[in-house]
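Below is one structure, written out as structure tokens; the observations come after it.
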Amino acid sequence: MPELLLAAGMLAAGYALGRARLGTRTFDWASDTIDRPDVTRRAAKWWLCQVVFAVVIAGRFIAEPRQTAHAWRHRHDPPPPLGIVPVLDPDWAGKRTADSGPSADVR
């Protein structure tokens, strides 16, 4: 019975930690703090933010090493081209005939 209570307590603690999302909140704090103009390299907050970023990058490399390395190598690549823009024929109405098109072949 004590093992069951211990397991239930561990599940409840894990659920509470998961709901708290401490990692996401810490990263958001660091990201918001580093963008402020008063936080420079001379401030302790800047260095604390760098530690948070290093932990996040290390965690990503541990969890998904290939995807993280690929994203790191290609982080400065230009975006892919958008593609060809279709051009509409301004004389489409003049080129229409009654006996052309796919419906004209069906008789």
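Just so you know, all these numbers are worked out from the coordinates, no wet-lab data involved. Keep in mind the model is a prediction, meaning the values are calculated, not measured. Note: ideal-geometry Cβ built from the backbone for every residue, glycine included; neighbour counts use all protein chains shown.
Rounded to whole Å and sorted largest first, what semi-axes of the equivalent ellipsoid does the C-alpha gyration tensor of segment 22-72 yield via the square root of 5 times each eigenvalue? The partial results should precede the final answer.
Details: eigenvalues 113, 25, 16 Å².
For segment 22-72, the ellipsoid semi-axes come out as 24, 11, 9 Å.
With a cap of 15 neighbouring Cβ atoms within 10 Å, and only residues DSSP puts in a loop, list the trypsin sites (Lys or Arg not before Pro) found in segment 1-98. Can you show the working numbers first?
Working: sites: Arg19, Arg21, Arg25, Arg41, Arg42, Lys45, Arg60, Arg66, Arg73, Arg75, Lys95, Arg96; in loops: Arg21, Arg41, Arg42, Arg75, Lys95, Arg96.
Here the trypsin sites (Lys or Arg not before Pro) that fit, given the DSSP loop and packing criteria, are Arg21, Arg41, Arg42, Arg75, Lys95, Arg96.
Would you mind giving the average projected area, over all directions, of the Cα convex hull of the chain in nm² with one decimal? List each step's numbers first, then the result.
Working: hull surface 77.9 nm².
Spelled out: convex hull of the Cα atoms, projected over all directions, averaged, 19.5 nm².
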Original post:
Under unit Cβ charges (Lys, Arg +1; Asp, Glu -1), what dipole magnitude, rounded to 20 debye, does segment 1-72 have relative to its Cα centre?
Top reply: 200 debye
